[in-house]
Amino acid sequence: MAAARRGAPGRATWTFVLINAVFVMGGAAIAAWSLLPVFESWRYVLTVGVAIVAGAAIAVACERMRRGPGLALVLALLVYVGGGALLAIPGALGGPEAWQDAAVDLVRGPVLGWKDLVTLPLPLGEYRATLVPVFALFLTATLLATWAAVRARRAWGLGAVVLAGLLVAGVAIGPAVRADALTDGLAGTYVTREFAVGLALFFLVLSWFGWRAAHTRHRAIAIAQEGAEARLVRRPHVRVLGGVAAVLAIIVVATAAATVVSGPIAAQTPRDVARTAIDPRLTLAESVSPLASYRSYFEDDAYDAVLFSVTPSEGSPEHVRLASLAHFDGETFSASAGPDEAPVRFQRVPSTIAPEPGTTTVRADVTVGAGGGIWVPLLGPLGSVDFHGPRQAQLIDGFYYLADGATGVMGAEGGIVAGDSYTVEGHVPVEPGVLADLGASPGAATIDTELIPPSLSDWVTLQNVTRDGAGLHELLTRLRERGYLSHALDAGETAANWEGDLPGYAFASSAAGHSYDRIDRLFASLIEREEAVATNPGASLVAAVGDDEQFAAAAALVAAELGFPSRVVVGVRLAQTDESGWTVPPCDGGECRGRNLAAWVEVQGSDGTWVQADVSPQYEAPLSPELSQQTDPEYPSALDPERAEPIVPPSSQRGMTDEDPSLDEDADGQAGWILTAVRIGGIGLLVLLVLCGPFLLVVAWKAARRSRRRKGAPADVVHGGWDEYVDTAVEAGMEPMPLATRAEMAAAYGSGHGSRIATVTDRATFSGGGTSAAEAEEFWALIDADRAAWLAQRGWWARLRMRVSLRSVWHSVATPAPKPEARRRSDRPQWRAEHTARTGSRRSTGRSRRRRPDRRRRT
């Protein structure tokens, strides 16, 4: 009757099932707390709450109805589709098209939706279908954890493993910055919200395990007491409470100690999560910097090509930005950080980005022409972007934005291509600042001082200006006035298109590039010219030749020399912003062509405001003849004109010297070939040693063991030989026989000299007559003969395995103790069985027998 009241054997009660489900739901709720900063919306709380309750309810219902995982899967799919459409996807009920899009998001969300979670800036709010993968995660995890808790009898602890994994997933896709400390400075502790979440889950799982242990104990006691006349005595409540208090005290002390120790470490350790380890699918590192390819847009083929067209619809934007290049490595300015710098994180963009104070909104429609690629033209700090056309979904999914540089890139295949269009909204300053108003230098340049050429520093010192915004403005003005515009290295047979657009222009050669060496030579020419005209104040100081590529890089380095953060921006102008008129012309009618591509510099003041400045050099005052023409040095020649021979100056004999470099090149080639061969041989030998080293060590160790066993007294040599015989047999693939006699082992192994080897070993062990050295030597000869016979019976691969086998070592170290059944061997000799039957004696098993008391003895 008692069993009937408690339920059928093996069937859990309602109380047991519901308590386990509550524990699981509590753990899932704690894990959901860790993801709250990712969304910060009530929709997230409602969606995750439904997923947790539904997952636990499905597992409980299937357990009560005694149904298998098939029904659970069907119910989970129904909840996922219904809950996902109603809660996880905003606007899914807006119509047939919205339903169709929601269906696609429900299918792709659990697989591809994680990319949105780790690439979009936080908080996500209710952006698109970002809640779909979270809804699927918590529904599945809660269902599995509750299923294991109420259905598994021994593996119910897997439910706690699922909850721990759920918390790990929440932390992994959570924010990259730790939340503010809940307690800071209290006894040196540093407890953040994430730490509190982990601690809460730990105590909940610990409580769950304690309750399960108590439940199992009470159930076992109840089963044991059924039908028994005696009842177990319950322990006093005071002792129970004392034990619980002691356990809790130990846990609290251990947790407090761990918090004090790990707090300072957590405060100083960077937080590495998925959004810091997973970069968007971009090719910034492999793509060519737009500043490095600047010259290509002034070639005749690209000069008149329409890169993109811009049609303003709100406000009057003055610039269109392609790329913001803040990192200089000595070779080029780029948007990607160097190995020793903080990584640049381009992120997905939600629907809108709030404007900063002091900005106004501008909006325009952009249509891409011949200027496709990964760089997306923007109007400034981004407000929103809305892509159009047949590739809309790909473009939305592939657009990434760098807020620090107001730069957008396209990760879709091929980047943006001709025909792509979008509407972009930007936030530009109401009153743009100027360099002269920046004030004192903040002394926080973003470019390493080691990458600033010494000629640049010397030129800045020669100018004798203040190290503030006004001084920087004066330096850039002098740099532009003393420079000269040129977009080519060589003049063609006919003037290039860009030359024809510059009235009265005189061509000057200019090399491309903006590396450390290129900028160093530019400022060296300025210093040389300034020293040459020191005695003639009216002479021209124009000496540096280049275009926006060189002068934008030079201006950024000059700002860094004064301690200002700086960066180079590549883009186009929609309106003329240069009073001098030296910059490239703005886009005509919104059509931006190759001729309109420009570069400028942006400098940041102490208040964090970025101010832009034009850097294009002038083209009205040409270079002085003595600097633009190279003359040959004077060399003495013969007085007789008929016998005179022209001497070519060494400076013009480029690539020619008095020494023949062929010999050196041959020597270098031979030396390089030898070094390469030695390197390849060394690497091959090292690989061979790594692969074969362990096997060679085994062979060497066996040889040393065999040599050690052959030394000593003759009797010890014989016993060592027997050990070597047994080890060789085991390594040959035979089973060890720890309970057999030597004769039995020799008969089982079946070697040619096994019987003789066993007999000699038994005589050396039991006869007491001693063994001579000659007998020991002959004994080892028999062992070597049997070993050679075993090797000869096997193939090449089997012989190799036998030589490097360690089977004898494992069997000698880890041979299990004989079972009781093994003590009564069925294959023992007949004489031993007859002796046992006749005398009734048995081999001693090492166990002491209890002696019966003599009943005849009386006290």
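FYI, it's all coordinate maths here, none of it is from the lab. Quick caveat: nothing in here was measured; it's all calculated off a predicted structure. As a convention, Cβ positions derive from the backbone with ideal geometry for all residues, glycine included, and neighbour counts pool all protein chains shown.
Annotations
- With R₀ fixed at 25 Å, the C-beta to C-beta distance from Leu806 to Ala781 puts the FRET efficiency at about 0.45.
- Amide proton proximity set for Gly383, modelled H, under 5 Å, gap of 5+: Glu425, Gly426, His427
- Prolate/oblate/rounded label for region 744-798 (Cα gyration tensor, a/c 1.5): oblate
- Label-to-label distance for Asp716 and Ala539 is 9.9 nm, based on points extended 7 Å past Cα in the beta-carbon direction.
- The H on the amide N of Val306, modeled in the peptide plane, is under 5 Å from the matching H of Ala370, each at least 5 residues off or on a different chain.
- An ellipsoid equivalent to region 414-479, defined through the eigenvalues of its Cα gyration tensor, has semi-axes of 35, 19, 12 Å when rounded to whole angstrom and sorted largest first.
- For region 294-429, diffusion coefficient by Stokes-Einstein and Kirkwood Rh (Cα), 25 °C, 0.890 mPa s, µm²/s: 156
- Calculated FRET value between Ala496 and Arg43, using beta carbons and R₀ = 56 Å, to 0.05: 0.40
- Spin-label model, Trp14 to Ser767: label points 7 Å out along the Cα-to-beta-carbon direction sit 8.8 nm apart.
- Computed from backbone phi, the HN-Hα couplings of region 789-804 come to 5, 4, 5, 5, 6, 10, x, 5, 5, 5, 5, 5, 5, 5, 5, 9 Hz, rounded to whole numbers (Karplus: 6.51 cos²θ - 1.76 cosθ + 1.60, θ = phi - 60°; Gly and Pro given as x).
- For the pair Lys115 and Val74, a Förster radius of 22 Å applied to the C-beta separation gives a FRET efficiency near 0.15, rounded to the nearest 0.05.
- Cα gyration tensor shape for region 9-157, rounded if a/c is under 1.5, else prolate or oblate: prolate
- With N as its number of residues, region 693-811 has a Cα radius of gyration that, divided by 2.2 N^0.38 Å, comes to 1.05.
- Counted residue by residue at 0.36 nm each, then reduced by the alpha carbon distance between them, the extension gain from Ala436 to Ser606 reaches 59.9 nm.
- Under-5 Å amide H pairs with Thr407, H placed in peptide plane, nonlocal only: Leu402
- With the simple spin-label model, which puts each label point 7 Å out from Cα in the Cβ direction, the His218 to Ile396 separation comes to 5.5 nm.
- Karplus-based coupling profile of region 524-530, in residue order and whole Hz: 5, 5, 5, 5, 4, 5, 5, with θ = phi - 60° in 6.51 cos²θ - 1.76 cosθ + 1.60 and x standing for Gly or Pro.
- Integer Hz, Karplus 6.51/-1.76/1.60 couplings in order for region 132-144, x for Gly and Pro: 5, x, 5, 4, 5, 5, 6, 5, 5, 5, 5, 4, 5
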